[in-house]
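Just below is one structure, and these are the notes that go with it.
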Amino acid sequence: MTAIDKNDQQDTQAWKLLEESIIYYKGKPIGTVAAHDPELDALNYDQCFFRDFVPSALVFLMAGKPEIVRNFLVETLKLQSHEKQMDCFEPGAGLMPASFKVEHKGDEEFLVADFGEHAIARVPPIDSCMWWIILLRAYEKSTGDVELARQPDFQAGIKLILDLCLVHRFSMYPTILVPDGAFMIDRRMGVYEHPLEIQVLFYAALIASRELLLPSEDSATYITKVNGRLGALKYHVRNYYWIDLQRLSEIYRYKGDEFGKEVANKFNIYPESIPHWLTEWLPEEGGYLAGNLGPGRMDFRFFALGNLMAILSSLASDAESESIMNLFAERWHDLMGYMPVKICYPALEGLEWRMTTGCDPKNTAWSYHNGGNWPVLLWLFVAAAQKIGRVELAEKAIAIVEKRLITDKYPEYYDGKNGRLIGREARLYQTWSIAGLIAAKQFMSDPEQIKLISFAEISDSLGCSL
């Protein structure tokens, strides 16, 4: 069998597995299950998770099969919370669920949504509503169907999400304040406060909502708020989250406890908080956006999804995007290893792990969200590499994934400093691992499709600086 024949056979198998994961509701495809592992109990892996469905949705859109994405958008909009929060155990208005499943009562079919009531630690999903708007924009760009987003219920749904995200708040920053475990990293990992991933998804969702809202007196008010927040958010993240050697040298010479408006150390970051590993690890020509930033606190860990999505959303500048890809190239063994892509680097260990995670046995060092490798992130890496012209890195990453992922039966994640071991608790036939590989190869064969998930630079005239 030639290499081409083998690749065709692998692609056929991946498509077959993806199609077998489809969930049907009233005879129509509506989403995909999280995993089809025959060796383990389903638990909630038989549900459709919003964030899990994104790569599957992109695959179907790029393959000219948009029906399932349209159905997903229509039916999940009906699940959106509309009630103002009267009880502390109820989701706030505008919130989208983390997941849903189809249940039967006699001949009747209905959808049951989980807003976090059943989640570990009962944390609501902050990212679901943002992914929903981003996916609605992708559907419109792929199909040319502008009428769906123009329907009154869709316009109202977008505005409810904006109400939720642009609410008056106890904060001086344009970023969103969120609890631990409110996005892909859904367990305690010290990512509470203003984590990069949420800020980048928020930024992309704001741009998408501005494109999707119809002109009206009411919409004009929302767009004005969106424009103001976009400019301030871009300025804030680029100026205060960015880390390279020059920036690290500035932090190293910071003076603490400065008072007043015009000060260098606005967040009162102490130089002693710079971890030793970073001074040795950061390459001359590489840089990245820090994982988190808050009063007296900078999380120096590298988080892949936030940095890659920052490239695609143009929240990172062109120069910063190049530096992020340079970092991947220079630290390939650490960030990509034997199964791209590592979700965060480095892992928390020892006392730091005990204090930060609460001794979480699933998030031991170099496992799961604490430094594990997640093949689903391949699609984001390939799209980001394509966007800035680093095709050779995208090809290298796909070659690594193809070598092992199919043989290993598409695990959820991998363990170890370099991702050599299938995750100890990883599900097999994880749908987003399958879809991530297919989407990555689709982006390589047709780079124009990156328009579905990428965003152009916004004007610097928007918003204000801090």
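Within segment 310-321, residues that are without any contact (Cβ under 8 Å) to a residue 40 or more places away in the chain sit with their Cβ atoms under 9 Å from residues that are open to solvent by less than 20 Å² (accessible area, probe 1.4 Å), at 6+ positions apart or across chains, in these pairs: Ala319/Gly287. With the requirement that a residue be closer than 19 Å to Gly181 by Cα, among the β-branched types (Val, Ile, Thr) and over 18 Å from the mean Cα position of the chain (by Cα), what does segment 112-138 give you? Within segment 112-138, just Ile120 meets the criteria. Residues that are modelled with pLDDT of 90 or more, within 22 Å of the chain's Cα centre (by Cα) and open to solvent by less than 40 Å² (accessible area, probe 1.4 Å): does segment 100-111 have at least one? Taking every residue of segment 100-111 in turn, at least one turns out to be modelled with pLDDT of 90 or more, within 22 Å of the chain's Cα centre (by Cα) and open to solvent by less than 40 Å² (accessible area, probe 1.4 Å). Only one of the numbered conditions (1) among the acidic types (Asp, Glu); (2) part of a loop (DSSP other than H, G, I, E, B); (3) buried (at least 21 other Cβ atoms within 10 Å of the Cβ) is not met by Asp299, and that is (2).
Picking from residues in segment 337-364 that are assigned to a loop (DSSP other than H, G, I, E, B) and among the small types (Gly, Ala, Ser), the one that is farthest from Met325 (Cα to Cα) is Gly358.
Those residues that are touching a Ser or Thr at 6+ places or on another chain (Cβ under 9 Å) and part of a helix (DSSP H, G or I), I need them from segment 197-226; list them, please. Please lay out each step first, then the result.
Quick first cut of segment 197-226, residues touching a Ser or Thr at 6+ places or on another chain (Cβ under 9 Å) only: 198-204, 207, 213, 222-223, 226.
Once the filter is applied, which keeps residues that are touching a Ser or Thr at 6+ places or on another chain (Cβ under 9 Å) and part of a helix (DSSP H, G or I), segment 197-226 yields Ile198, Gln199, Val200, Leu201, Phe202, Tyr203, Ala204, Ile207, Tyr222, Ile223, Val226.
Lys409 satisfies every condition listed in (1) touching a Leu at 6+ places or on another chain (Cβ under 7 Å); (2) under 29 Å from Ile207 (Cβ atoms); (3) at pLDDT 95 or above except (2).
Just give me the residues in segment 12-63 being in contact with a Phe, Trp or Tyr (Cβ under 6 Å, 6 or more places away or on another chain), in a helix (DSSP H, G or I) and farther than 20 Å from Ala426 by Cβ, in sequence order. Hit for segment 12-63 is Phe50, nothing else. For segment 112-126, the set of residues classified as in contact (Cβ under 8 Å) with a residue 60 or more places away in the chain and either open to solvent by less than 30 Å² (accessible area, probe 1.4 Å) or out of contact with any strand residue (DSSP E or B) (no Cβ under 8 Å at 6 or more places or on another chain) (or both) consists of Asp114, His118, Ala119, Ile120, Ala121, Val123, Pro125, listed by residue number.
Condition first: part of a helix (DSSP H, G or I), among the aromatic types (Phe, Trp, Tyr), in contact with an Asp or Glu (Cβ under 9 Å, 6 or more places away or on another chain) and open to solvent by 40 Å² or more (accessible area, probe 1.4 Å). Can you find one or more residues in segment 228-240 that meet it?
Narrowing segment 228-240 to residues part of a helix (DSSP H, G or I): 228-240.
So of that shortlist, the ones also among the aromatic types (Phe, Trp, Tyr) come out as 235, 240.
After this cut, where a residue has to be in contact with an Asp or Glu (Cβ under 9 Å, 6 or more places away or on another chain) as well, the list is 235.
After this cut, where a residue has to be open to solvent by 40 Å² or more (accessible area, probe 1.4 Å) as well, the list is 235.
Yes, that holds for at least one residue.
Taken together, the criteria exclude Lys255 from residues that are surrounded by fewer than 20 Cβ atoms within 10 Å (Cβ to Cβ) and either in contact with a helix residue (DSSP H, G or I) (Cβ under 8 Å, 6 or more places away or on another chain) or in a helix (DSSP H, G or I) (or both). Among the residues making up segment 127-175, a single one is of a type outside the set (Asp, Glu), closer than 24 Å to His236 by Cβ, assigned to a helix (DSSP H, G or I) and open to solvent by 40 Å² or more (accessible area, probe 1.4 Å): Leu164. Residue count for segment 378-407, restricted to those that are among the charged types (D, E, K, R) and under 15 Å from Ala439 (Cα atoms): 3. Screening Gly419, Gly436 for residues that are crowded, with 24+ Cβ neighbours inside 10 Å, assigned to a loop (DSSP other than H, G, I, E, B), touching a residue at least 12 places away in the same chain (Cβ under 8 Å) and small (Gly, Ala, Ser) leaves exactly one candidate, Gly419. Does segment 374-390 include one or more residues that are touching a helix residue (DSSP H, G or I) at 6+ places or on another chain (Cβ under 8 Å), at pLDDT 95 or above and assigned to a strand (DSSP E or B)? No, every residue in segment 374-390 fails to be touching a helix residue (DSSP H, G or I) at 6+ places or on another chain (Cβ under 8 Å), at pLDDT 95 or above and assigned to a strand (DSSP E or B).
Every residue, every condition in (1) closer than 28 Å to Glu284 by Cβ; (2) open to solvent by 10 Å² or more (accessible area, probe 1.4 Å), yes or no:
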position: Ala329; (1), (2): yes, yes
position: His369; (1), (2): no, no
position: Ile398; (1), (2): yes, yes
position: Glu402; (1), (2): no, yes
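Apart from one condition, Arg354 fits all of (1) surrounded by 18 or more Cβ atoms within 10 Å (Cβ to Cβ); (2) at negative phi; the exception is (1).
Only residues that are free of Cβ contacts under 8 Å to residues at least 40 places away in the same chain and within 30 Å of Gln151 (Cβ to Cβ) were counted in segment 210-247, giving 8. Among the residues of segment 323-334, some residue qualifies, meaning at least one is touching a strand residue (DSSP E or B) at 6+ places or on another chain (Cβ under 7 Å), of a type in the set (Asp, Glu) and under 22 Å from Leu405 (Cβ atoms).
Here segment 27-46 is the region considered, the condition is being more than 19 Å from the chain's Cα centre (by Cα) and modelled with pLDDT of 95 or more, and the residue that is nearest to Leu73 (Cα to Cα) is Ile30. Would you call Leu245 more than 18 Å from the chain's Cα centre (by Cα), more than 24 Å from Gln386 (Cβ to Cβ), at pLDDT 95 or above and open to solvent by less than 10 Å² (accessible area, probe 1.4 Å)? When the stated conditions are applied, Leu245 does not pass them. Counting only residues that are within 23 Å of Pro174 (Cβ to Cβ) and of a type in the set (Lys, Arg), segment 290-340 holds 2 of them.
In this structure, Ile126 qualifies as β-branched (Val, Ile, Thr) and within 30 Å of Phe443 (Cα to Cα).
The values are calculated or read from the model by the stated rules, or taken from the named source; none is laboratory data. Predicted model, so just to flag it, every value in this text is computed and none were measured. No Cβ is skipped: glycine too gets one built from the backbone with ideal geometry, and neighbour counts run over all protein chains shown. Surface areas here come from the heavy atoms of the whole protein model, side chains and all, with no ligands, DNA or RNA. Shrake-Rupley method; radii C 1.70, N 1.55, O 1.52, S 1.80 Å.
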